[in-house]
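Bear in mind that the values in this text are calculations on the coordinates, not laboratory data. None of the values given here were measured: they were computed from a predicted structure. Note: ideal-geometry Cβ built from the backbone for every residue, glycine included; neighbour counts use all protein chains shown.
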Number of protein chains: 2
Amino acid sequence: MPPGDVFELRPIGVVRSSLRERSDAPKQAFEGAPEALLEIDPAFAGALTGVEPGQDLIVLSWLHEADRTVLETHPRDDPATPLTGVFATRSPDRPNPIGLHRVTVLAIEGARMQVSGLEALDGTPVVDMKPLLRTIQER
Amino acid sequence: MPPGDVFELRPIGVVRSSLRERSDAPKQAFEGAPEALLEIDPAFAGALTGVEPGQDLIVLSWLHEADRTVLETHPRDDPATPLTGVFATRSPDRPNPIGLHRVTVLAIEGARMQVSGLEALDGTPVVDMKPLLRTIQER
């Protein structure tokens, strides 16, 4: 891998949510995140074949408001917690701010999907989604 | 989100593994993936503060041999399975080929980490890592 190599991530869609600002967003989905709509670009509709209501997915987002220069942080923005490397935390501030969100598909119509609790802000780009498998869920 | 927007993903390290070719790699980590070494760029060593042996992490990779034009696939490369959208599968071929790998940290020395069963090929770029949380593991 030559140094300076970069990869181009192209959005496949966008999150539509009532969460408008970073200060409004819960730190984790289980802390009260609202339902959200994923507007997938119709060019990628074929990639949704077989995605069904009731299914659990991992949605990958690009946390576009993140600070990519941050390497260490105080977890939960609490100055009393020890300074911790971002790879040991779920902070959005990190070199490649990819968000992972476990959601349940509530409804799907064309390339628009309603999903359960998602802690990403309105306008957050979606870059991938995958079914939940045993590798991630448990072993 | 203006159409044509792209984001730059910069590798933070690389996978060193005995898996050399895509045909050698198991489809999922629980299907016999070997231990691997993650060589993290020393520039990002600070982001590893607090990562400890025994900890479970989700490693995000860039599946550099993937075909990004594929939208539908036959799961497990079996032509008898119905054609399925890549977002309903874990196929590496997808618009943004980000791999998710659940691993256990076995040892860490500076910015080099030995990890349990990882199904990524030798030379696969690493782009992020996160602790496993309840959002992903269970709810």
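Worth a mention:
- Two-decimal Rg to Rh for the range A:58-139 - Kirkwood Rh, Cα set: 1.03
- Computed label-point distance, nm, for sites residue B:76 and residue A:112 using a 7 Å Cα→Cβ extension: 3.7 nm
- Three-way shape label, the range B:1-96, alpha-carbon gyration tensor, a/c 1.5: oblate
- Spin-label pair residue B:8-residue A:43: with each label point 7 Å from Cα along the Cα-Cβ axis, the two points sit 2.1 nm from one another.
- Other-copy label distances relative to residue B:67, 7 angstrom Cα-Cβ extension, nm: 4.4
- The range A:111-129-the range A:40-67 distance, computed between alpha-carbon centres (Å): 7 Å
- The phi-based Karplus calculation (6.51 cos²θ - 1.76 cosθ + 1.60; θ = phi - 60°) puts the 3J(HN,Hα) values of the range B:48-60 at 8, 4, x, 7, 10, x, x, 6, 9, 10, 9, 9, 9 Hz, whole numbers, x for Gly and Pro.
- Proximity of backbone amide H atoms, modeled 1.01 Å from N, is registered between residue A:129 and A:60 at under 5 Å, excluding neighbours fewer than 5 places apart on the same chain.
- From its DSSP helices (H runs of at least four residues, each -39,500 (n - 2.57)), chain A gives a residue-normalised ellipticity at 222 nm of -500 deg cm²/dmol.
- Three-way shape call for the protein assembly as shown based on the alpha-carbon gyration tensor, with the a/c threshold at 1.5: oblate
- With θ taken as phi - 60° and the Karplus curve 6.51 cos²θ - 1.76 cosθ + 1.60 applied, the whole-hertz 3J(HN,Hα) list for the range B:84-99 is 10, x, 5, 6, 9, 10, 9, 3, x, 7, 5, x, 10, x, 8, x Hz, x standing for glycine and proline.
- Put a plus charge on the Cβ of each Lys and Arg, a minus charge on the Cβ of each Asp and Glu, and nothing anywhere else: the dipole of the protein assembly as shown about its Cα centre is then about 300 debye.
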